[in-house]
Ligand code: ASP
Ligand code: MG
């Protein structure tokens, strides 16, 4: 089998961790697999590089920021290759430029265009463990790009797709995807299997355990992801299709904090879309109310900025902030009574619902942020007790 193992920042922070990871990779190779390993920067390094950049420039250019941010991954890759060689196995590290891993030129949020597989496959055939920097790419001109925070997961899946890997193992500091955030809900349970669509929905609605784009890619190329811990090495959560079809309708609960709602009257939708695009605002949910009144749910920081812009051009926006969105995810959730039941529970517990949205895999409620933990606890108790 060809296995891609991806190690997150905390898994490769410090020499002791690197040595443990090196041993694990060799163990997996000795089970008869060809090994490609994708690494993140050592934990905390990317944040600290961003801070350093801000100390010398309040608004650094995307190109220079990517030139800086990409170095963390290169440190992990080289150190891990050395650590593996020390244990007597052959290893070779590559960065994006060496592999010609091409992206577009959207700095800080680049999209992967192409990954040539020859060099990787050739080294695998020569019995090397191939270590690749996550998160980074190069554009057509050879400028360094990065894929956006958390983007190494997406690198791993894209590389897996390029070389036709049999599975992607993503190692992190938690041992799987949980039915709710285990930091908030103490009896949250580890989910053993979740479908691609459900995981995409969990990530989109706030679960931070995987980069959303990585799951979209894995779904497109039908490569299973096994998300697991690099500390306990236990079985984690499998993200793939087919295992959850007949099981319960509800998979998990996700939430997003620090949201705000803006209501405005505008001539038409085009006008709103133009304003949103000009101000680079990503909308979480959207509703058209009566008399060309529009309601949008966006990040609070974006809302404060957008509110000022709208006032300046003579609109009278109405802003409500300190909102959260709590979402219950599960395939076919709309075809049973769950949304109805959850709405009733919120009402019974005096939790005001700002808005509800539904799609095939989730039902979401916008509520006041200070009621979030309460709503999370009662939902979890009702659905997973
Ligand atoms: N090092 C990058 C980050 O911290 C990419 C990653 O870890 O996935 O966002
Ligand atoms: Mg991550």
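We did not get these values from a lab; they are worked out from the coordinates using the rules stated. On a predicted model such as this, the values are computed, not experimentally measured, just so you know. All Cβ positions, glycine included, derive from the backbone under ideal geometry; neighbour counts span all protein chains shown.
Can you name the residue in region 98-127 that is crowded, with 20+ Cβ neighbours inside 10 Å and under 21 Å from residue 25 (Cβ atoms) and, of all such residues, is nearest to ligand 1 (Cβ to nearest atom)?
For region 98-127, the residue satisfying everything is 101.
Under 9 Å between Cβ atoms, which residue pairs at least 6 apart in sequence (or on different chains) link something in region 33-52 that is without any contact (Cβ under 8 Å) to a residue 24 or more places away in the chain and more than 14 Å from residue 131 (Cβ to Cβ) with a partner that is assigned to a helix (DSSP H, G or I) and more than 9 Å from ligand 1 (Cβ to nearest atom)?
49/65; 49/68; 49/71; 50/65; 50/68; 52/68
Which is closer than 19 Å to residue 95 by Cα and either within 10 Å of ligand 1 (Cβ to nearest atom) or over 24 Å from the mean Cα position of the chain (by Cα) (or both), of 68, 49?
Criteria check complete, one pass: 49.
I need every pair where a residue in region 1-24 that is farther than 16 Å from residue 73 by Cα and without any contact (Cβ under 8 Å) to a residue 40 or more places away in the chain has its Cβ under 7 Å from the Cβ of a residue that is within 16 Å of ligand 1 (Cβ to nearest atom) and in a helix (DSSP H, G or I), sequence separation at least 6 or different chains.
Here the result reads none, with nothing in region 1-24 linked to a residue that is within 16 Å of ligand 1 (Cβ to nearest atom) and in a helix (DSSP H, G or I).
Restricting to region 196-234, count the residues that are within 25 Å of residue 283 (Cα to Cα) and either in contact with a helix residue (DSSP H, G or I) (Cβ under 9 Å, 6 or more places away or on another chain) or not in a helix (DSSP H, G or I) (or both).
Quick first cut of region 196-234, residues within 25 Å of residue 283 (Cα to Cα) only: 196-220.
Cutting the leftovers down to either in contact with a helix residue (DSSP H, G or I) (Cβ under 9 Å, 6 or more places away or on another chain) or not in a helix (DSSP H, G or I) (or both) gives us 196-197, 199-200, 202-220.
Residues flagged as within 25 Å of residue 283 (Cα to Cα) and either in contact with a helix residue (DSSP H, G or I) (Cβ under 9 Å, 6 or more places away or on another chain) or not in a helix (DSSP H, G or I) (or both) within region 196-234 amount to 23.
Out of region 2-42, which residues are in a loop (DSSP other than H, G, I, E, B) and within 16 Å of ligand 2 (Cβ to nearest atom)?
To start, the set of residues in region 2-42 that are in a loop (DSSP other than H, G, I, E, B) comprises 8, 13-14, 31-33, 40-42.
Within region 2-42, 8, 13, 40, 41, 42 qualify.
With the structure loaded, tell me whether residue 87 is touching a strand residue (DSSP E or B) at 6+ places or on another chain (Cβ under 7 Å) and surrounded by fewer than 16 Cβ atoms within 10 Å (Cβ to Cβ) or whether it fails that test.
The answer is no for residue 87.
So, restricting to strands (runs of 3 or more DSSP E) that lie completely within region 72-180, which ones have at least 3 residues that are within 16 Å of ligand 2 (Cβ to nearest atom)? So that I can check it myself, show each step before the final result.
Working: elements: 91-94, 112-114, 129-133, 136-138, 144-146, 167-172.
Of the strands (runs of 3 or more DSSP E) lying wholly inside region 72-180, those with at least 3 residues that are within 16 Å of ligand 2 (Cβ to nearest atom) span 167-172.
Kindly check whether there is at least one residue in region 27-36 that is within 10 Å of ligand 1 (Cβ to nearest atom), in contact with a strand residue (DSSP E or B) (Cβ under 7 Å, 6 or more places away or on another chain) and at negative phi.
Restricting attention to region 27-36, the residues satisfying the condition of being within 10 Å of ligand 1 (Cβ to nearest atom) are none.
No, region 27-36 contains no residue that is within 10 Å of ligand 1 (Cβ to nearest atom), in contact with a strand residue (DSSP E or B) (Cβ under 7 Å, 6 or more places away or on another chain) and at negative phi.
Would you pick out the residues in region 58-71 that are in a helix (DSSP H, G or I) and free of Cβ contacts under 8 Å to residues at least 12 places away in the same chain? Give the derivation first.
Residues of region 58-71 in a helix (DSSP H, G or I): 62-69, 71.
Within region 58-71, just 64 meets the criteria.
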